[in-house]
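Computed from the coordinates by the stated procedures, all read-outs in this text should not be read as laboratory data. This one's a predicted model, so the numbers in the text were calculated from it and none came from an experiment. Note: ideal-geometry Cβ built from the backbone for every residue, glycine included; neighbour counts use all protein chains shown.
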Amino acid sequence: MKNPLPQENSPTVATLDDLATLANYSLMDTLNADPDAKANGIDHSPRQVFTGHYVPVRPTPIEAPEYVAHSKNFFHELGFADCMAQSDDFVRMFSGDLSQVPAPMRKVGWASGYALSIYGTEYYHQCPFQTGNGYGDGRAVSVLEAVINNKRWEMQLKGGGRTPYCRGADGRAVLRSSIREFLAQDHMHALGVPTTRSLSLYVSKTEKVQRPWYSEGSRSQDPDRMVSEAAAISTRVAPSFIRVGQLELFGRRARKQEHPKAIEELEKIVLHLIDREYSDVIDDKLTVAEKVVLLAGEFRSRLTSLVANWIRVGYCQGNFNGDNCAAGGFTLDYGPFGFCEEFNPQYQPWTGGGRHFSFLNQPEAAERNFHMLCLALVPLLMSNEAAQQQLSAIRNGFAGVMQTKVEAMWAAKLGLDSFHPALFSELAALMVQTPVDYTIFFRELSNLPDDIGSLQKSFYKGAVYEADPEGLDQRWSEWLSQWQLLISSANTARGCSPEELSEQMKRVNPKYSWREWLVVPAYQQAAAGNYALVRELQDVLTQPYEEQSKEIEEKYYRLKPTEFCELGGLSHYSCSS
Ligand SMILES: Nc1ncnc2c1ncn2[C@@H]1O[C@H](COP(=O)(O)OP(=O)(O)OP(=O)(O)O)[C@@H](O)[C@H]1O
Ligand SMILES: [Mg+2]
């Protein structure tokens, strides 16, 4: 689970001209453009897009861009020189100005439409036209596809200006939310959780936009004022940005036979997805029906692993609807996300999100998204009864696969080879009643303590605990003895030393995880032009399994102070963008 060490090779891409030689626009060249689109990409007002997979859009640059951060890890993986992130032409391009990019890079990017489904229900009314034809990337604009070290990557600006899908909004992202997404992507990758990757982040020195947000110290559920915040553009990178919602859009159109090319467009996007995300596991020579069935099985496998990983690291996506669910099976859209500090199965940082997207309900939410993906694929199997049955068997097997993966994940967190239901259910009860800090508890347990002394570092000591501390400590001691028995017999069977087990558990249970109250000062200082804390956090969060220095431990391996509980913008948020 450790973050793979960046390649030591000297960078092969040192300038934007070097990067240009790797450009290769497969999506634009193989999928259908919206026939009503304007070739120059000046297409910045809400309108309906009836057909086609993408709309050519010219991003709107932010004024006076200033460098905030780039992902050093990802730059090294790609063979990019660090200095490139601050070079004029790179800054210009990745702050939204494509007017001077070197050929064969293109001066127009693209945005895609998608459908919205929430927890398995299809929605249309979020689109200003009530038809679903005006919903999609409202502020995300892809600007480049490049093949780098034999791997294809798509690079997408977030906050890159209005598109036909902007629904009347400004097309911008603010510095606060961009810093959160940028750091969270780097952190998740370092945690070993599949994710879109951070490339770069620039802020405008002059351009501001208004967002609802919380006053200092506010405990209100919803933001209580409008604030003016700096506009920023972050670039994220993935093999593709195809979402379940995107397949749903074409699936719905095919199901309703909305236009003569609907089925062909569905087939094309599905084959494109396979090519981008599944070409290593799905043979190109198979029939479409065979590919579709394999795709469903592979996506099920990736999605269930992803959600088990989210739970392992305490991540709650917050708004896990179909359009925030990447069809490649990685984490996408760090908006109203959060990491569980005080363990609570119903943890949900987003006040608009509801229980259905809460921490331990994510397997259920994932199943709903998976169901929507399967529905979208059905029109491609119309003449093939056998393939339809295979698809429905894969669909119906989701819950079983999900449960197996979640149980294996709990077993791994506990250093065991198999899941012990009774041991786990007492642990879950104790974790809620005490309650514990999720990260600190499992990390302390990874030291294989002799008694509960060190585990108490993770105790928040709530009302239930305070009512009977001896009683709860007694239950913890009993639980720990049972766990010790199980690990010692498992260790004997595996021929594994306690030191080896401890090391193994520490690769599953991170020491450092996202703590919102430690991120808030970083974006607040950044708003004043000081990026030191952003850099420090980037450093800490990209080595989450390492012990790091004493100083870092004292600052970041800590219970959430009580004064931060219930604070708006910190313990919960209603708007995150
Ligand atoms: N400021 C904005 N301007 C234009 N469109 C927006 C803006 N904020 C959100 N949207 C659009 O509203 C929809 C729902 O927003 P949501 O918060 O899921 O996505 P997001 O955070 O913008 O982006 P993504 O899913 O691409 O990470 C998306 O289609 C998004 O593009
Ligand atoms: Mg989204």
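Quick notes on this structure:
- The gain in end-to-end length when the residue 383 to residue 499 segment is fully stretched comes to 36.0 nm, 0.36 nm per residue minus the alpha carbon separation.
- Between residue 216 and residue 360, the contour length at 0.36 nm per residue exceeds the Cα-Cα span by 48.8 nm.
- Against the chain, whose longest principal axis comes from its Cα atoms, helix 362-377 is set at around 30 degrees.
- Shown for 205, 291, 550: other C-beta atoms within 10 Å of each C-beta, ranked fewest to most, produce the order 550, 205, 291.
- Under 20 Å from the Cα of residue 285 - lysines, other chains or at least 8 residues apart: 268
- Here the gap between residue 399 and residue 17, fully extended at 0.36 nm per residue and compared with their Cα-Cα distance, gives a gain of 132.7 nm.
- With a simple spin-label model that places each label point 7 Å from the Cα along the Cα-to-Cβ direction, the separation between residue 558 and residue 467 comes to 3.1 nm.
- A Förster distance of 25 Å, applied to the separation of the beta-carbon atoms of residue 150 and residue 264, puts the FRET efficiency at 0.25.
- Between region 448-481 and region 79-141, the Cα center-to-center distance that results, in Å: 49 Å
- Listed pairs 158/208; 461/560; 38/256; 413/555; 413/550; 38/107 exceeding 18 Å between Cα atoms: 38/256; 413/555; 413/550
- Convex hull projection area averaged over all views, region 416-506, Cα basis, nm²: 5.5 nm²
- Volume of the Cα convex hull of the chain, divided per residue and given in Å³: 156 Å³
- For region 277-324 versus region 236-251, the spacing of their alpha-carbon centroids is 12 Å.
- Angle in degrees between helix 262-277 and the longest Cα principal axis of the chain, rounded to the nearest 10: 50 degrees
- Among residues other than residue 567 with Cβ under 10 Å from its Cβ, the summed charge is -3 (Lys and Arg +1, Asp and Glu -1).
- If R0 is taken as 60 Å, the Cβ-Cβ distance between residue 227 and residue 25 corresponds to a FRET efficiency of 0.95.
- Packing, as the average of other Cβ atoms within 10 Å across residues, places the peptides 483-496, 386-399 in the order 386-399, 483-496, highest first.
- Straight Cα distances below 16 angstrom link residue 72 to the aspartates and glutamates 8, 82, 181, 186, 536, 539, with same-chain residues fewer than 8 positions distant left out.
- Across the chain, the mean sequence separation of Cα contacts (distance under 8 Å, 6 or more residues apart), normalised by length, yields a relative contact order of 15 percent.
- Here the label points at residue 492 and residue 40, each 7 Å from Cα along the C-beta direction, are separated by 8.0 nm in the simple model.
- Only DSSP H runs of four or more residues enter the estimate; each adds -39500 (n - 2.57), and after division by the residues of the chain the mean residue ellipticity at 222 nm equals -12500 deg cm²/dmol.
- Rounded tilt (10° steps) of 516-527 against the dominant C-alpha axis of the chain: 40 degrees
- Working ranking of peptides 244-253, 467-476 by packing, defined as the average number of other Cβ atoms within 10 Å per residue, highest first, is 244-253, 467-476.
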